[in-house]
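Just so you know, all these numbers are worked out from the coordinates, no wet-lab data involved. A quick note: this is a predicted structure, and the numbers were derived from the prediction, not measured. For neighbour counting, all protein chains shown are included, and Cβ atoms are generated from backbone atoms with ideal geometry for every residue, glycine included.
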Amino acid sequence: RMSLIYLYTFFAFCSFSHSLIRGPRTLVLLENQHQEFSHSIFFNQLINNKFELTFRLADDSSLALSLFGDYIYDNLLILAPSTEEFGGDLSIQSIIDFIDSGHNVFICVNSRVSNLIRYISLKCGVNIDESDAIVSDHFNHLPVHDLTNSMMLVSTEKLLPSELIVGAFPDLSSQKFLLYNGVALRLNTSNPLLINLLSAMPSTYSSLPFQPILHYPHSIGFETVLIAALQTRNHGRIVISGSLDFFSNQRFTQSSNYVLSNRNLSLNILMWCFKMNGLLRINSVSHTLCDSNISPPAYTVNDCVSYNISEFHTFDNYI
């Protein structure tokens, strides 16, 4: 009988220990079940970094971000660009509240983006081009039989020069490229918290394919943003990509005469967005009189004060 009690205690302890070390809980919203396979490498990047993924269709009637007032997920990954209405208790306002509470959202869109997803992006300061529009580049593209030249080659030189967010691409002598097939983004220039992670080549423009361009395009050249990010003042992080195809298995494994880096960039952006990288924390604060170890309860105007802050930040989930 005593051995059974010890056995039960052991299993209870193991279960409790597992709950303490569980990884970040991430809700993945899919447009269809096939995406779970077409983007499996993308998802495995998270699984290999100890994330707990919950896959749901975007119109699932059981969707919810919170239960009894507590959030049951740390991150939200939306891969359903054409969804017109979320299922369950999920709504635009619940996602905005999720962000306002310091949580993280990663959104991928394409040329079939719905007004629902467009509005969420707009609330984050990112304006997505009109439906069915695509970004084209007749000078930098894969040599495929596509008159739109929408499978663009974007140099890694167009990435934000921040190793903490996009990773390191040091060997520019053998130029690396990113494959991009999607829509253009424009950032609200009045919002200083927005970050341009990846901009387009100078020969890029946005338009409706096979239609005459009668008006100035939504964006051209350097002003065309392909992947954008936002870090809110309460430490929530949002990444919006104009290309869902960018993170597919096909792009991650595509063979080419060019050095392609979609997979590396994908992992780096995910780790930053979901706060595995770049968390700055204050470890300790101390203040004393100059040339003294004395820390008085109050200082006067002419006192010389030494103020010290010890801080650390995370990179690759290590301090």
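Highest-first packing order for the peptide set 189-197, 27-35 is 27-35, 189-197, based on the mean count of other beta carbon atoms within 10 Å. Annotation: peptides 230-242, 114-126, 279-291, ranked by per-residue average of other Cβ atoms within 10 Å with the highest first, follow the order 230-242, 114-126, 279-291. Kirkwood radius, the stretch 200-266, all distinct C-alpha pairs, inverse of mean reciprocal distance: 14.7 Å.
Radius of gyration (Cα atoms) of the stretch 166-316, expressed as a multiple of 2.2 N^0.38 Å: 1.55. Structural size metrics of the stretch 227-295, computed from C-alpha coordinates, are Rg and Dmax of 20.7, 66 Å.
Would you give the gap between the C-alpha center of the stretch 122-142 and the C-alpha center of the stretch 26-56, rounded to a whole Å? Taking the Cα centre of the stretch 26-56 as reference, the centre of the stretch 122-142 is 24 Å away. With 27 Å as the limit, the listed pairs LYS123/LYS158; LYS123/LYS176; LYS50/LYS176 have LYS123/LYS176; LYS50/LYS176 beyond it between alpha carbons.
Taking Rh as the Kirkwood radius computed over C-alpha pairs, what is the Stokes-Einstein D of the chain at 4 °C in a medium of viscosity 1.567 mPa s, expressed in µm² per second?
59 µm²/s
In summary, the aspartates and glutamates within cross-link reach of LYS275, defined as a Cα separation below 13 angstrom excluding same-chain residues under 8 places away, comprise ASP74, ASP316.
Return one quarter of the surface area of the convex hull spanned by the alpha-carbon atoms of the stretch 161-237, equal to its mean projected area, in nm².
7.0 nm²
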